[in-house]
Every structure is written in structure tokens, then in C-alpha cells.
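The values are calculated or read from the model by the stated rules, or taken from the named source; none is laboratory data. Since this is a predicted model, take the numbers as computed values, not measurements. No Cβ is skipped: glycine too gets one built from the backbone with ideal geometry, and neighbour counts run over all protein chains shown. When the accessible area is computed, the model is the full protein with side chains, heavy atoms only, and any ligands, DNA or RNA have been set aside. Shrake-Rupley method; radii C 1.70, N 1.55, O 1.52, S 1.80 Å.
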Amino acid sequence: MLERISVQTHDLIIDGRRVPASTGRTFDTLNPANDAIIARVAEAGPEDIDAAVRSSRTAFEGAWGHTKASERGALMLKLADLIRRDEDELVQLEALDSGKTVSAIRRQDLPAVLDTLVYYAGMADKINGQVIPARTDALTYTVREPLGVVGAIIPWNFPLMIGMWKIAPALACGCTVVLKPAELTPLTALKIGELALEAGFPAGVLNVVPGFGKVAGQALVDHMDVDKITFTGSPGVGRQILHGATGNLKRVTLELGGKSANIIFPDGDIDTAIKAAASGIFFNTGQVCSAGSRILVHESIHDDVVQRLAARAKSIRLGDPLETATGMGPLVSEVQMNRVLNYIDIGRREGASIVTGGSRHGVAGCFVEPTVFAGVKHEMRISQEEIFGPVAVVIPFKDEEEAIRLANGTVYGLAAGVWTADIGRAHRFTRRLKAGTVWVNTYGPTDIRLPWGGARDSGFGREHGEAAIDNFTEPKVVWINIGR
Ligand code: NAI
Ligand code: MG
């Protein structure tokens, strides 16, 4: 299996075929656990993006546009079957390409991918308009029409899962998709594109075009025949996408970063809270948009929580993501590793103290020790900026007012958690926390049935649930004059 992957060059998937980039260019994708090149991938440029968009347009106006809604759902279920069949290969590829652990992919990502696909497959033939009796002299109703060609630009932290969050609702709605995976993790997106062809999706319904953000991503964003961009990634690129989308006034959904607060009161279940706080920041090596990266702890239990959190951090087993006993893999790339190490330095220089971790782990691969900072001040950069690595900052608070002020005091607004047994306090916090999701007495779970997204620099729009159907359709009003 590894042998086969290492010799392969992966072409783009455009219009039902595997094709090299029009320039003939390729790029390498690495395994961040050992820096080895695992595959060579065709690098899409503007010409390839244009070919992919034209193909998706043709499919939208043609074969896909003529496919019954129930048949779209059936094809999606077929794709789910093929994903189940090739689950082992998908798990391996995802782990090799991203450094995510096989155990987490199998436990979390893959089930979420299938749940997403099956959920939206079932929705494909339930996207209904409304009869709205506005007048007595007319029959007035709405139909929900698919937006058209969707450009999906996805990150490297959950390539399969976030990819499916975008592909599944778009296809259910009758849109066609040009999928641009992150340059660091293109392999599973290509595999999904192949499986979609095998399932029988018409050519052009799902084109997959790996390439670099500034070139392939930007070309997709700038393309005048793309109707919608759905993006997950950094706020900086989110802003660029908004600029690029002005050309033909594309619809845009942005799911960006966070600096989410996980707030622990003494009346909460402290054992569970500490466990959840650790996985809230260390899961996926901290590369999670909703990571609970700021742990706010009531001053009466602060020192105890810090010590126990540090003990948990120390006990995490770093190592080869392909081994099932590994608890934490590397960061996705050297760039990300250096970014995280740089933030740790910044924290040190700002005067925060490292309780555990704080260094690179080993000399090969992109591993950073699970790190806990205490003595952190709210204004410090490590408390305000998204680090996107295994770095927790712990900040004490005195009372509810202060906890709310700290929790809401960043540019982000994606998620938050609060631990308390006081039902009144729980509700006061769910009301006052500025976040797209507030967890009470848990941290981190998501479900495809529930809307997902944030405010401010965390982006706008909501994915998941029925909200995603609104993202990929628009109502059309039909007004039939019936006279009087
Ligand atoms: P990024 O935002 O550059 O990459 C995400 C995707 O956007 C990739 O597919 C990339 O190719 C594409 N992209 C980049 N520039 C583009 C452009 N001009 N036009 C269109 N597409 C473009 O993220 P990056 O640089 O890999 O990570 C930097 C930071 O972003 C992380 O440290 C983290 O803070 C944040 N991030 C947040 C994610 C989330 O889940 N919200 C996911 C990935 C990164
Ligand atoms: Mg890679």
C-alpha cells in the first residue's frame, strides 16, 4: 500500500477523467510525521480551473440538471457505500498526508463523513418550495433552485470531513462542484472524486483540482462563471475571497478561525471538565477551528486545574499517526510547526509561564509537545491570536462578569464552553457568550444536523443542517395571473 502510493503521480479530475495539469506541473505532498514525499500531484493553474468550471457548468445545465432529486440522493448513498468499502485506504491516505492519527480518523472523521453524506442524500428530494397565497388574482409560489457551479475551497485539518460538509449539501441541492483541496492534503479529495465517478455521478458534477491557494484557489474565486464559494480556512484568505467574489457578486460562505473560551466554574464536574479541556485543545494536534484554546478557570480552582491539565498533556503519546496507540500526531507541515513554535516564544517573551511542553518533539517530523501556559494575561498575543497548535493558555477569573468579558474579548466568535452545575448560570452564559455554538458541560462535539459557523473574524453564514440547503439554493417566485 505505501509502496503503491509512493510511486504514484495523481492527476486532476476534470470532466470525468484524470488529466495532468495543462502546464504539466506537479507538486509533492509530504508526510509530516517523517518529511517523506508520499506522492506527486498535478498542480492546477488558471487554465485547469477554467476547464473544470466549464465542465461543471455543462454538467449543471445538462446531465445533472436533468437528474431527478431522488436519483441524486441515490447516487450519494452509492458514494457512501464506496467510501465504506475503501475506508481503510481513505483512513491511511488521510493520516499519511495530514499527520492526523488513524485512530481519530476512524473514530471521528470517517463516521462524520458518512453521516453527512447520508443525511444530505436523504434531503435531496425534500427541498421544497412553498405556495404563498399572496393574492386572490394569482397563484403565487416559490421553487428552490440550485445556485449553479460551486467552488469549494477546503483546509488541511479535516480534509475529508470538511470536504464532505461542502460537497454533500451542494450535490443534494443539484449544484455541481469544483473542489480545491489544500495543497498540503490533496490525496483524499482526489480519492473521493474517483469514487464519485465510480458511483455513477455524471462527468463534471464533482471536479477535483489540487493546487496552490494563490493560484488555483484565487482563479476559482475570480472565475466569472462560478456562482458560489464555500470556504474554510484563515481569516486573511477569507477577506481575499470576499474581494475576489465582487466580480460577479458570488455568494460566499466563510468558516474561519477561532480563539474559543472553555470556562470552568468550581461547581462543574471538574474531572470531566479537565479531560474535555485537554482534548478540546490537544485533539488533532490543536488544529481545530473550534479548539478550546483559552481555558478560563475560576481563581479558587485555578492552580489545581493547571496542574492536572499539565499532567494530562504530559501523558499524551506523540508518535507515528499510523500506529493506533498514538494519541497525537505532528502538525501538518514545517510551516505550521514553526508558526506554533514562534507563538510559544512570543508567549515566553510576553511573560507567560510554561507549565509543560514548550518545545519541538524529536528531530524528524513536525512534532510539538503539548504545551500549557499559565500566568497568561488576556491582552497577550497568545491569548488573542489563533495559534492552531497544541498550545493551551489558562487564565483565571473572579466572577461571572469577568468570565464573560474575557470570553467575548477577542475578534473571534466561533464557539465557547461552560462548566457549571448551576442551571441559571448555564443559561446566563448561553445567552451572553458571543459564539456560533455554546457547549454546556461538554466541549467540542458537532453534529451535521446542527448549524455550524461563527461571527466576526470567525466568518459568516452557517453550514450543516437545513442552513446548508439555503447556502446552495435560491428561491424563485412564480406568479401566475389567474384573473378575477
Ligand atoms: P489558508 O487559509 O491559506 O488555507 C486554506 C485553503 O485556502 C487552502 O485550500 C488554500 O490553498 C486556500 N487558499 C489560500 N490562499 C488562497 C487564495 N488567495 N484564494 C483562494 N484560496 C486560497 O490556511 P493556511 O495558510 O494553510 O493556515 C494558516 C492559518 O489559518 C492556520 O494557522 C489557522 O490559524 C488558520 N486555519 C483555519 C482553519 C479552520 O478550520 N478554520 C483551517 C486551516 C487554517
Ligand atoms: Mg501532505
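Observations, loosely collected:
- Residue in segment 22-52 that is nearest to ligand 2 (Cβ to nearest atom), counting only those that are charged (D, E, K, R), in a loop (DSSP other than H, G, I, E, B) and under 30 Å from F367 (Cβ atoms): D35
- Put simply, of D86, D97, D50, D28 the only residue that is closer than 30 Å to G329 by Cα and open to solvent by 30 Å² or more (accessible area, probe 1.4 Å) is D28.
- Residue match in segment 78-90 (condition: away from ligand 1 (no atom under 16 Å from the Cβ) and not in a helix (DSSP H, G or I)): yes
- Qualifying residue in segment 192-210 (condition: within 16 Å of ligand 2 (Cβ to nearest atom), crowded, with 22+ Cβ neighbours inside 10 Å and within 27 Å of I387 (Cβ to Cβ)): yes
- Matching residues in segment 259-277 - criterion: being open to solvent by less than 20 Å² (accessible area, probe 1.4 Å) and either charged (D, E, K, R) or under 20 Å from A421 (Cα atoms) (or both): K259, A261, N262, I263, I264, F265, G268, A273, I274, A276, A277
- Condition check for L254: among the aliphatic types (A, V, I, L, M), at pLDDT 95 or above, within 15 Å of ligand 1 (Cβ to nearest atom) and open to solvent by less than 10 Å² (accessible area, probe 1.4 Å): yes
- Residue in segment 150-158 that is more than 16 Å from ligand 1 (Cβ to nearest atom), of a type outside the set (A, V, I, L, M), in contact (Cβ under 8 Å) with a residue 40 or more places away in the chain and open to solvent by less than 30 Å² (accessible area, probe 1.4 Å) present: no
- All of (1) surrounded by fewer than 22 Cβ atoms within 10 Å (Cβ to Cβ); (2) within 30 Å of D88 (Cα to Cα); (3) within 7 Å of ligand 1 (Cβ to nearest atom) hold for T232 with one exception: (1).
- Taking the criterion of being within 16 Å of ligand 2 (Cβ to nearest atom) and within 17 Å of the chain's Cα centre (by Cα), the only residue of segment 211-232 that qualifies is G213.
To keep it simple, each residue is scored yes or no on (1) within 16 Å of ligand 1 (Cβ to nearest atom); (2) open to solvent by less than 20 Å² (accessible area, probe 1.4 Å); (3) in the same structural domain as S279 (by TED's automatic domain parsing).
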site	(1), (2), (3)
L309	no, yes, yes
A313	no, yes, yes
G327	no, no, yes
P330	yes, yes, yes
L341	yes, no, yes
R348	no, no, yes
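- Qualifying position, being buried (at least 20 other Cβ atoms within 10 Å of the Cβ), in contact with a Ser or Thr (Cβ under 9 Å, 6 or more places away or on another chain), closer than 17 Å to G286 by Cα and not assigned by TED's automatic domain parsing to the domain that holds I37, among V376, V372: V372
- Any hit, segment 63-72, residues being surrounded by fewer than 22 Cβ atoms within 10 Å (Cβ to Cβ) and either closer than 30 Å to H361 by Cα or within 23 Å of the chain's Cα centre (by Cα) (or both): no
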